[in-house]
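Here is the structure we will look at, set down as structure tokens.
The values are calculated or read from the model by the stated rules, or taken from the named source; none is laboratory data. Everything numeric in this text was worked out from a predicted model, so none of it was measured. Here the Cβ positions follow ideal geometry from the backbone for every residue, glycine too, while neighbour counts run over all protein chains shown.
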Amino acid sequence: MADTSLPRTAKPAGSKSTRASTRSWRRVFLAELAATSNVAASARAAGINTAQAYEARRADPEFYREWQEALCEGYDLLELNLLHRLREGEIKPAPGAKRGTRVFDNATALRLLVAHRDSATRQRAVIENRNSEAIIDAINAKIEKIKQRRLATAPAAPTLPASEKVIDVDQ
């Protein structure tokens, strides 16, 4: 009969060390994705292949959300770098010259910005919507506290003696 048990070096899928290593590569992957907006480079930095990253994104909605936020952050960084290039240019060596020349070639950066603009805009809308809901909840809670304080500090309505009570004769 063949031995069907796991090899001694393998960990069961739900083990603590497997979950910890998953969190570890995801943290590295997301940080690199936010810095580069490049899935392949992020996977290399995390020590995984891109298929594993895409599978994790499909399987875990929270990781998908974090992935989108990292891309949005990467898009913002790319936008800042592009603005810097537009203002400062890049110094590149000129053929036969002792000094470099300042070059303002941004076609590639602009194409990349255009490619990611829609997804980043959608993610920003999701984040802003989530933040606006929290703000509305906080405002409603404050209003409720104010109402409670007013009720607690409001003087009780004076009670009139029976002889001074107004009787409505129209009833």
* To do: With the condition kept exactly as written, say whether any residue in the range 7-26 is among the basic types (Lys, Arg), within 17 Å of His116 (Cα to Cα), outside any loop (DSSP other than H, G, I, E, B) and at pLDDT 90 or above.
  => no
* Structure fact -> Across the range 138-152, the tally of residues that are exposed (fewer than 10 other Cβ atoms within 10 Å of the Cβ) and either at pLDDT below 85 or in contact with a Cys (Cβ under 8 Å, 6 or more places away or on another chain) (or both) stands at 0
* **Residues (in a helix (DSSP H, G or I), among the hydroxyl-bearing types (Ser, Thr, Tyr) and without any contact (Cβ under 8 Å) to a residue 24 or more places away in the chain) located in the range 59-109** => Tyr64, Thr108
* **Residue that is assigned to a helix (DSSP H, G or I), surrounded by 12 or more Cβ atoms within 10 Å (Cβ to Cβ) and in contact (Cβ under 8 Å) with a residue 24 or more places away in the chain, where the choices are Ala53, Ala45** => Ala53
* Residue among Ala94, Ala162 that alone is modelled with pLDDT under 80 and touching a Ser or Thr at 6+ places or on another chain (Cβ under 6 Å) -> Ala94
* To do: Please tell me if Glu79 is in contact with a strand residue (DSSP E or B) (Cβ under 6 Å, 6 or more places away or on another chain) and farther than 11 Å from Gln123 by Cα.
  => no
* Asked: If you scan the range 27-42, which residues turn out to be closer than 20 Å to Arg58 by Cβ and either not hydrophobic (A, V, I, L, M, F, W, C) or not in a helix (DSSP H, G or I) (or both)?
  -> Arg27, Glu32, Ser37, Asn38, Ser42
